[in-house]
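I have placed the structure first, in the form of structure tokens, so that the comments after it can refer back to it.
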Amino acid sequence: MFRFLFRKSPKPRSRVGKSKPSFRASDLPQGLGLLEGIPLERIAAKLNSALPLDYVERLQYRVKTGNPSMSDDEFACKWFELKRFFLMNLILKRTPMFSSEIDEIWHEMLMFTREYQRFGDQFAGDAIHHSPEREPKEMPGERAWFDWVYAHLFEFTPTSSRCWNGFFRNPLDEERTDLLRKANEDEIAEQWFDMEQAKRYPEVAETIRILIKQAIHEARQSVSSRRFEDTGWKDSLTNPNNMVYMAGAMMFFSIQDSDNFTSGMNSQWPVNEPNNYNNKHSNCSSSGCGGSGGSGDSSGNSGGGSSCSSGSSCSSGSGSSCSSGSSCGSSCGSS
């Protein structure tokens, strides 16, 4: 079941850390670029069909009017990532928004109230709510989980890291890794996944099952391996989606050496493909609300050392901040 996640591939197609990649719509994969074995093709098609061309064209016009320097290709790449975000919202109980630039497009969608309501009804069975926090919220554990799930759902595109301000800069929180080590699948499902949508869509239920089993597998492998090389995952460096490999590294260093997480992760970036988004990375979200199945509380909000601002700032022990161009925003949930 999990071979496709760590298999070798002779033709690398994208780079995790390529410096300032250009926005090119021609680089985007078909559909939403789901990884092999993820059974969400019909749901991705349903998402696209719930977004009429006229709605998207008017949205694009509004976004570009407010951002005159934005090209059609840049809009297409960011719009592509927002649709991935909506798909993740159908799966996860809580889906914080970690990119102010993607969030800006979401804000503009809300301006078309009838169309946005219709989109939510058709795709998620109800509105996908956008509920801001009183102030930006430090969420390193949630950001790490977001990265792990994203990497196991989607093919990495040349501008994914640019759109989301880098990946894998925070360890998974101890509460989360402890639960994975206990391997209670039902408890994991209820705490982290939208089980109401799982009842609505069999494909969502199957995807949740795949993600849970894979997360437990990686946690167990990490526990039983003294060094990352002992996991056997390093061979996947030649996979066109290096994100899966790095998600496995994130799991390992979160469990085995969280105190040296950053240096451990930096040692695993592919040769000649440095992560150029370290200083831009943010683990803040300016809102938080639950999915259809649960509360707005989240776990894993401790730790980390940066804060963000999107017209405001949130405090942290380090006193550092990231600009409004960094990954700040909101989170959503379907009611």
Can you name the condition, by its number, that Pro158 falls short on among (1) crowded, with 22+ Cβ neighbours inside 10 Å; (2) under 17 Å from the mean Cα position of the chain (by Cα)? (1)
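Okay, residues lined up against (1) open to solvent by less than 50 Å² (accessible area, probe 1.4 Å); (2) not in a helix (DSSP H, G or I):
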position: Glu74; (1), (2): yes, no
position: Phe80; (1), (2): yes, no
position: Thr95; (1), (2): yes, yes
position: Asp103; (1), (2): yes, no
position: Glu108; (1), (2): yes, no
position: Glu115; (1), (2): yes, no
position: Glu135; (1), (2): no, yes
position: Glu142; (1), (2): yes, no
Give all pairs with beta carbons closer than 6 Å in which a residue from region 222-245 that is within 18 Å of Leu153 (Cα to Cα) and of a type in the set (S, T, N, Q) meets a residue that is outside any helix (DSSP H, G or I) and modelled with pLDDT of 85 or more; count only pairs at least 6 apart in sequence or on separate chains. Asn241/Glu155; Asn241/Phe156
Could you count how many residues in region 82-93 are under 18 Å from Glu206 (Cβ atoms) and either part of a helix (DSSP H, G or I) or within 11 Å of the chain's Cα centre (by Cα) (or both)? 6
Taking the conditions exactly as written (of a type in the set (Phe, Trp, Tyr) and either at pLDDT 95 or above or part of a helix (DSSP H, G or I) (or both)), does Phe119 satisfy them or not? yes
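One line per residue, one yes/no per condition, for (1) more than 26 Å from Phe168 (Cβ to Cβ); (2) charged (D, E, K, R); (3) at pLDDT 95 or above; (4) touching a strand residue (DSSP E or B) at 6+ places or on another chain (Cβ under 9 Å):
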{"residue": "Phe2", "(1), (2), (3), (4)": "no, no, no, no"}
{"residue": "Ser14", "(1), (2), (3), (4)": "no, no, no, no"}
{"residue": "Gly31", "(1), (2), (3), (4)": "no, no, no, no"}
{"residue": "Glu36", "(1), (2), (3), (4)": "no, yes, no, no"}
{"residue": "Leu40", "(1), (2), (3), (4)": "no, no, yes, yes"}
{"residue": "Pro52", "(1), (2), (3), (4)": "yes, no, yes, no"}
Quick test of your reading of the structure: Tyr55 fulfils all but one of (1) within 30 Å of Ile208 (Cα to Cα); (2) open to solvent by less than 20 Å² (accessible area, probe 1.4 Å). Name the failing condition by number. (1)
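The values are calculated or read from the model by the stated rules, or taken from the named source; none is laboratory data. Just so it is clear, the model here is predicted, and its values are computed rather than measured. When we count neighbours, we look across all protein chains shown, and the Cβ atoms used for this are built from the backbone with ideal geometry, even at glycine. Note: areas computed on protein heavy atoms with side chains; ligands, DNA, RNA excluded. Shrake-Rupley method; radii C 1.70, N 1.55, O 1.52, S 1.80 Å.
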